[in-house]
Amino acid sequence: MPNEDITKLKIDKSTSVSAPSRRRKALYPVIAIIVIALAAAFYFKGTAVEVEVAGVSQIYPSQSFTLLNASGYVVAQRKAAVASKITGRLISINVEEGNHVKKGDIIARLENEDVTAMYEQAKANLASTRAGLEQAKAELHDADVTFNRYKELMKSELVSKNDYDSAEARYKKAVAAAAGAEAAITADKAALSGAEVSLEYTLIRAPFDAVVLTKNADIGDIVTPLGSAENAKAAVVTIADMSSLQVEADVSESNLQYVKLAQPCEIQLDAFPDSRFRGAVHMIVPTADRSKASVMIKVKFLDYDSRILPEMSAKVAFLQRPVKPEEQKPRTVINPAAVVNKGNNKFVFLVNGERVVETQIQTGEQFGDVIEILSGAKAGDKVALKPLEKLRNGVKIKVAEK
């Protein structure tokens, strides 16, 4: 062995090299597929799809059968600036803004000591005159009895002619005295009525059931019917009958054909945008405003609501038909073009930041060009409108500029 030439030694590489080479070649297709998949995933995740979006909103069913819309203001048809009939100093005021008053309630009082004294004097004069009348009636009765007795005695010539004439004169005098007392009572009643009227003028009363809108005077102010005196106040309070509130809206002459008396309406107040109030056309004012080319329409409220106040801004929808009870609540709706049908299920792509989320929804009634959503989305959400065929759950998007 030691004498053998080591240069003749060789390593057989045929078996050790061939097996690994074949295994590497078999892995090439798998690696290529993985690379392509990763590239595709990177492409789709990194590239944003430009989409148009639509909003999920709320509407009232009446919007689908509205003929015309108009704007206006709430106005009280019975409104009064309550003032005094005489000039005087205000000594008390019994109401504040917002108070409810009934017809005849005393709102305020003026100084009335002098008028009260006149009234008490008139009452005393009437009482005295009535006492005088009773005395006159008693005298008349006595004179009547005496005169009738003397008449009977005169027939038998048991009394003298002089005594008979005296009894007759006394009777006639008693009749005149009684008549005078009755006339005095009539005069004293008239004087008492005048004193009562003067006293009543110092009391400022509500002319009808109403709510106090403004208080225009305070205790100590001089009030006068015309307010012509310097520093004098005319109206003490301003009141309005809340049951007479109506919306006065201007309708263009060209749209007057869509309005008729008693037509059902729906009223929305700017102060309460989430509420709708039932109404009906009460009056088409028979004159036009040439400067605005419009006609005033008065719409009454069918239901009383304490939240409704005079001078509130309002919008009126003139309807084809009355609103049904089930149509008085708002509905959540969407553009039908945003809905994807997959078998018996319906989906939308909700916009969540820069990506879309495929979400199953349940739809309801069709209202014009929108459809109701019962579940799956809420008002204020954004959904992809198109191109829906390029979208799937989690795809990155970019909202197209309009």
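The values are calculated or read from the model by the stated rules, or taken from the named source; none is laboratory data. Note that the structure is a prediction, hence the values are computed from the model and not measured. Glycine also receives a Cβ, built like all others from the backbone with ideal geometry; neighbour counts cover every protein chain displayed.
Structural remarks
- In the stretch 379-399, the residue that is surrounded by the most Cβ atoms within 10 Å (Cβ to Cβ) out of those that are under 47 Å from the mean Cα position of the chain (by Cα) and among the β-branched types (Val, Ile, Thr) is Val383.
- Residue in the stretch 56-72 that is at pLDDT below 95, crowded, with 17+ Cβ neighbours inside 10 Å and more than 30 Å from Ser254 (Cα to Cα) present: yes
- Checking Ala262 against (1) in a strand (DSSP E or B); (2) out of contact with any Lys or Arg (no Cβ under 7 Å at 6 or more places or on another chain); (3) modelled with pLDDT of 95 or more, the condition it does not meet: (1)
- Evaluated against (1) among the hydrophobic types (A, V, I, L, M, F, W, C); (2) closer than 30 Å to Arg130 by Cβ; (3) in contact with a Gly (Cβ under 8 Å, 6 or more places away or on another chain), Val197 falls short on exactly one condition, (3).
- Residue match in the stretch 77-88 (condition: of a type in the set (S, T, N, Q), over 35 Å from the mean Cα position of the chain (by Cα) and within 25 Å of Ala210 (Cα to Cα)): yes
- For the stretch 106-160, the tally of residues that are modelled with pLDDT of 85 or more and in contact with a helix residue (DSSP H, G or I) (Cβ under 7 Å, 6 or more places away or on another chain) stands at 20.
- Restricted to strands (runs of 3 or more DSSP E) entirely inside the stretch 275-348, those with at least 2 residues that are at pLDDT 95 or above, surrounded by 11 or more Cβ atoms within 10 Å (Cβ to Cβ) and within 22 Å of the chain's Cα centre (by Cα) are 294-301, 313-319.
- Any hit, the stretch 12-22, residues being surrounded by fewer than 16 Cβ atoms within 10 Å (Cβ to Cβ), modelled with pLDDT under 85, outside any helix (DSSP H, G or I) and not basic (Lys, Arg): yes
This table checks each residue for (1) of a type outside the set (A, V, I, L, M); (2) assigned to a loop (DSSP other than H, G, I, E, B).
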{"site": "Ile86", "(1), (2)": "no, yes"}
{"site": "Leu90", "(1), (2)": "no, no"}
{"site": "Ile107", "(1), (2)": "no, no"}
{"site": "Tyr119", "(1), (2)": "yes, no"}
{"site": "Ala122", "(1), (2)": "no, no"}
{"site": "Leu126", "(1), (2)": "no, no"}
{"site": "Leu133", "(1), (2)": "no, no"}
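- Yes/no for Glu157 being out of contact with any His (no Cβ under 9 Å at 6 or more places or on another chain) and in a helix (DSSP H, G or I): no
- Gly104 vs. criteria over 17 Å from the mean Cα position of the chain (by Cα), surrounded by 15 or more Cβ atoms within 10 Å (Cβ to Cβ) and not assigned by TED's automatic domain parsing to the domain that holds Arg307: no
- Residues in the stretch 102-154 that are hydrophobic (A, V, I, L, M, F, W, C), touching a residue at least 40 places away in the same chain (Cβ under 8 Å) and over 30 Å from Ser92 (Cα atoms): Leu126, Leu133, Ala136.
- Some residue of the stretch 239-253 being of a type in the set (Asp, Glu), surrounded by 16 or more Cβ atoms within 10 Å (Cβ to Cβ) and closer than 30 Å to Val115 by Cβ: no
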